[in-house]
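Notes follow the structure.
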Amino acid sequence: MTEQKRILIAVMITSFIGPFMGSSVNIAVPAMAEDFNMMPDELTWAVTAFLIGSAATLLPFGRLADIKGRRRIYLQGLACICATTLVCAVVQNFLAFIFVRFLQGLSMSMIFGTSMALLVSCCGAENRGKTIGLSAACVYSGVSLGPFIGGFITDYLGWRMIFWLTGIALLINFFLIFKVKTDWYGAKDKKFDYIGSIIYLVMIVLFLYGLSDWTRHEFVHYMPFIAFILFLLFIYEQKKVASPLVDLSIFRNTVFTMSNIAALIHYSATFALGFVLSLYLQLVRGMDAFTAGGFLLIQPFIMTIVSPKAGALSDKFSSRLIASLGMGMMMIGLFAFSFLDKDTSFYLIGINLAFIGLGFGLFASPNNNAIMGAVEAKFYGVASSILAVMRLTGQAISMSLVTLLLSIFTAEAIESNYVDIILHSFKYIFILAAHRGLDCETSCPLIFDNYLKPASI
């Protein structure tokens, strides 16, 4: 097997495993809440802690990969994620579990920050969109099968088995990539910006934690404002340092900058959909985890089919219409879910999930192809990391907003009215998500018009 095939297979496996584990945890939340003796809305931290850990270290690890070698950091990330995933399977204390999930997210950032760069480094520019589309298809396959397989595992083997199985799969992947000897660099022998990395890490943690825990502690209210001050300090430091964490000149490329903004808005609007619908189907409609997981298979299944085709189309045509159409469809679908009640037809829910899945598939691959096609090869590591930061920060913002809204609505809830209150909160969650989708839909023509021509991607 050639090194290129090994890397392609390895990246596809990790592209599958990450979302698979995330969506499996979503469907297992009610069972985890029972096991830890917690309320389901408090288990949002099982997802949020992972996302904060990932987003806080993506840029540093992406830059480190450019300096020390992308294959090297990817391999070290695999070792760390294997260890933390297996620890998640055995830890008994809830706070310890959340901490390990944070470390798991930190470990996964070593993979998220390098996988796209490795993939683009190995494939030719003429096949970039197709290859990215295949990677995206693996992502959506993981999202698809996560609720279905995760629901089965949760019902019949226990939710901890999700971590056992994914840990073993990642260990196998470690030995696959271990045999690759070639490495790729973007800034070999450059100095690593430790000060900028620390500022960035603290900034992200304060912002996302402050947003997630806003209602619980008064001192948390100051965290997002401190994070903004750190953001300004980070920009200043990056302009002054000789070897910055992020070469800010990369943002002079309008396609790169605006496409990343579109990704951030997109994921902040859509990511929490699976988590919220998992609670709806199990707590409100009384489904078991396996049945709910099978039902939620609809959206990512459509995404898996559409994404490679949309990516291939973006190799030949402008991404503007494809991405704008996809985001518009998601906005409509999210708004439609704000009308959910205890008696909403499952047929209508399924149709709307398919509609959102189609929109998601049309948006993601063309947008990712535009981002990676807008930079020189030496910036692939940083571009891959920035794209992953936009995705994970958007996902973390999405979960943080859900955590915030659920904590507000359930603050005075008692056991007898808990289901009614949590159902009422879903209406506002989906309205807010649709509004974020509207922001991105409004931005898409501005983002792509006059910039993305067939020759440029």
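Conditions tested, residue by residue: (1) open to solvent by less than 10 Å² (accessible area, probe 1.4 Å); (2) part of a loop (DSSP other than H, G, I, E, B).
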residue: 220; (1), (2): yes, no
residue: 225; (1), (2): no, no
residue: 246; (1), (2): yes, yes
residue: 251; (1), (2): no, no
residue: 256; (1), (2): yes, no
residue: 260; (1), (2): yes, no
residue: 269; (1), (2): yes, no
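Could you list, in sequence order, all residues of region 319-345 that are of a type in the set (Phe, Trp, Tyr) and crowded, with 23+ Cβ neighbours inside 10 Å?
Once the filter is applied, which keeps residues that are of a type in the set (Phe, Trp, Tyr) and crowded, with 23+ Cβ neighbours inside 10 Å, region 319-345 yields only 337.
For residue 407, indicate whether it is modelled with pLDDT under 75, farther than 30 Å from residue 70 by Cα, open to solvent by 10 Å² or more (accessible area, probe 1.4 Å) and out of contact with any strand residue (DSSP E or B) (no Cβ under 7 Å at 6 or more places or on another chain).
So residue 407 fails the test.
Of these, 186, 210, which one is in a loop (DSSP other than H, G, I, E, B), open to solvent by less than 40 Å² (accessible area, probe 1.4 Å) and of a type outside the set (A, V, I, L, M)?
186
With in contact (Cβ under 8 Å) with a residue 24 or more places away in the chain, surrounded by 24 or more Cβ atoms within 10 Å (Cβ to Cβ) and within 15 Å of residue 88 (Cα to Cα) as the only criterion, which of 15, 24 stands out?
24
Exactly one condition in (1) modelled with pLDDT of 85 or more; (2) in a helix (DSSP H, G or I); (3) not polar (S, T, N, Q) is false for residue 274; which is it?
(1)
Among the candidates 9, 73, single out the residue that is of a type in the set (Val, Ile, Thr), over 22 Å from residue 290 (Cα atoms) and open to solvent by less than 10 Å² (accessible area, probe 1.4 Å).
73
I need a count of the residues in region 73-121 that are in contact with a Gly (Cβ under 7 Å, 6 or more places away or on another chain) and outside any helix (DSSP H, G or I).
Residues flagged as in contact with a Gly (Cβ under 7 Å, 6 or more places away or on another chain) and outside any helix (DSSP H, G or I) within region 73-121 amount to 1.
Only one of 298, 250, 261, 332 is in contact with a Cys (Cβ under 9 Å, 6 or more places away or on another chain) and either farther than 22 Å from residue 135 by Cα or of a type outside the set (Phe, Trp, Tyr) (or both). Can you tell me which?
261
Based on what the data block shows, is residue 204 closer than 17 Å to residue 397 by Cβ and under 26 Å from the mean Cα position of the chain (by Cα)?
Criteria met by residue 204.
Residue under question is residue 241, and the condition is that it be at pLDDT below 85, open to solvent by less than 50 Å² (accessible area, probe 1.4 Å) and aliphatic (A, V, I, L, M); does it hold?
No.
Could you check how many residues of region 346-381 are hydroxyl-bearing (Ser, Thr, Tyr) and crowded, with 24+ Cβ neighbours inside 10 Å?
Selection size over region 346-381: 2.
Please enumerate the residues belonging to region 133-183 that are assigned to a loop (DSSP other than H, G, I, E, B), open to solvent by 40 Å² or more (accessible area, probe 1.4 Å) and not basic (Lys, Arg).
157, 182
Given the residues 85, 57, which is the only one that is open to solvent by less than 20 Å² (accessible area, probe 1.4 Å), of a type in the set (S, T, N, Q), more than 21 Å from residue 275 (Cβ to Cβ) and modelled with pLDDT of 85 or more?
The unique qualifying residue is 57.
Take residue 365 and decide whether it is polar (S, T, N, Q), assigned to a helix (DSSP H, G or I) and under 18 Å from the mean Cα position of the chain (by Cα).
Yes: the conditions hold for residue 365.
I'd like the full set of residues that are closer than 22 Å to residue 369 by Cα, open to solvent by less than 10 Å² (accessible area, probe 1.4 Å) and not hydrophobic (A, V, I, L, M, F, W, C), limited to region 99-117.
Scanning region 99-117 gives 109, 113, 114.
Whether any residue in region 306-319 is on the phi < 0 side of the Ramachandran plot and modelled with pLDDT of 80 or more is what I want to check.
yes
The values are calculated or read from the model by the stated rules, or taken from the named source; none is laboratory data. Because the structure is predicted, anything quoted here is derived from the model rather than measured. Please note: Cβ atoms are built from the backbone with ideal geometry, for glycine as well, and neighbour counts cover all protein chains shown. Surface areas here come from the heavy atoms of the whole protein model, side chains and all, with no ligands, DNA or RNA. Shrake-Rupley method; radii C 1.70, N 1.55, O 1.52, S 1.80 Å.
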